[in-house]
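These notes concern the structure reproduced below.
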There are 2 protein chains.
Amino acid sequence: MSADTDTDRGVHGPDEPLTIGEMSRRTGVAPSALHFYESLGLIASTRTAGNQRRYARHMLRRVSLITVAKRLGIPLADVQHAFADVPLTQTPSHEDWQRASRRWKRELEKRREGIERLERELTGCIGCGCLSMKACGLLNPGDTLSSQGAGPQRLRDEDA
Amino acid sequence: MSADTDTDRGVHGPDEPLTIGEMSRRTGVAPSALHFYESLGLIASTRTAGNQRRYARHMLRRVSLITVAKRLGIPLADVQHAFADVPLTQTPSHEDWQRASRRWKRELEKRREGIERLERELTGCIGCGCLSMKACGLLNPGDTLSSQGAGPQRLRDEDA
DNA sequence: GTATGACCTCAAGTACACTTGAGGTCAAAT
DNA sequence: ATTTGACCTCAAGTGTACTTGAGGTCATAC
């Protein structure tokens, strides 16, 4: 409608949905991956009369969050949970995204704290060179304590 | 030899190597995974006359670091790099581990900073609810700026 | 009206990180 | 000597996260 020279379709008003190609270019995620995410229910699309996908704009955000999660090593299953009550089929409200933001933030905090703990411990190790010494508490799960039973395994606690 | 009642073998002096079962129990990593890591050259073992693996004690550390890396979503290929000049076949020196510690620390720093940046941005988003609004800089790679060319893609910068 | 590029589905393939299974050996205890 | 549990190799299977390809449709431009 508006005379314009975008690549795909004439540029749309801010409420018009995006084609899969547009989504892909804007998020940097391959169309095939978008198909895949949709098959998992992480994102959703409507279809045109001719069966082509159209994405509401708020899907950009979802896709971006998926990308971020991937960078942090968060599996898609967990991402699904983080999106738990952000509506998929209609534009989410402020409150929806706020709740989700908080959830993401908590997740990030947990990860950051894990890293920070490790950094502190490694810093100690750099000082004393103890990654090669018995004294280091971090990566020494039982060297001199081995015969004393169930104890050691310092490194496996935090999944629970 | 020493009369003792450990599960595998009588408890060994602090310099004796470990069986794969002992490694597995102490690190929490399955024997099959240890085989696999060995096939990738991430760890190494000597063999007994009867072709069974024996692990030097410093391998515990390597395995633990691999485990940590996995928790952080670091791929094994990168782990290999982080171990670049920690000797595999002989006990690493102080300096070897110090260099490695520093490398690990830098890696952790990078990850933490990525997370922190994201946290800051998300905190802003929680305040304003803007995960659903155009004003948010974080997850809004080009909503209103789309037709202006190559620009957006805020979320893909830091791989390089 | 026809060519071109973007899109569709579905099946199969790929890469990573392992696990499982079959078939057989090793080693400590009885 | 024989049993038992730990170990060996090698091949194939699993789960996650996609990509690639074949064969065909849609939509816009000329």
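The values are calculated or read from the model by the stated rules, or taken from the named source; none is laboratory data. These numbers come from a predicted model, not from an experiment. Cβ sites come from the backbone with ideal geometry, for glycine too, and all protein chains shown count toward neighbours.
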### Query
Given the structure, is residue B:10 within 13 Å of another protein chain (Cβ to nearest Cβ) and either within 22 Å of residue A:113 (Cβ to Cβ) or modelled with pLDDT of 95 or more (or both)?
no
### Query
residue B:92: at the interface with chain A (Cβ under 7 Å from one of its Cβ atoms), at pLDDT below 95 and over 17 Å from the mean Cα position of the chain (by Cα), yes or no?
yes
### Message
Please determine whether any residue of the range A:16-32 is crowded, with 20+ Cβ neighbours inside 10 Å, free of Cβ contacts under 8 Å to residues at least 40 places away in the same chain and within 30 Å of residue A:115 (Cα to Cα).
### Response
yes
### Message
Looking at the range A:41-63, can you tell me whether even one residue there is near DNA strand D (Cβ under 8 Å from one of its atoms) and either within 16 Å of residue A:76 (Cα to Cα) or at the interface with chain B (Cβ under 9 Å from one of its Cβ atoms) (or both)?
### Response
no
### Residues (in a loop (DSSP other than H, G, I, E, B) and under 15 Å from residue B:24 (Cβ atoms)) located in the range B:43-62
B:43, B:45, B:52, B:57
### Pairs, first surrounded by 19 or more Cβ atoms within 10 Å (Cβ to Cβ) in the range A:84-97, second in a loop (DSSP other than H, G, I, E, B) and not aliphatic (A, V, I, L, M), C-beta under 7 Å, six or more apart
A:86/A:92; A:96/A:85; A:96/A:87; A:97/B:129
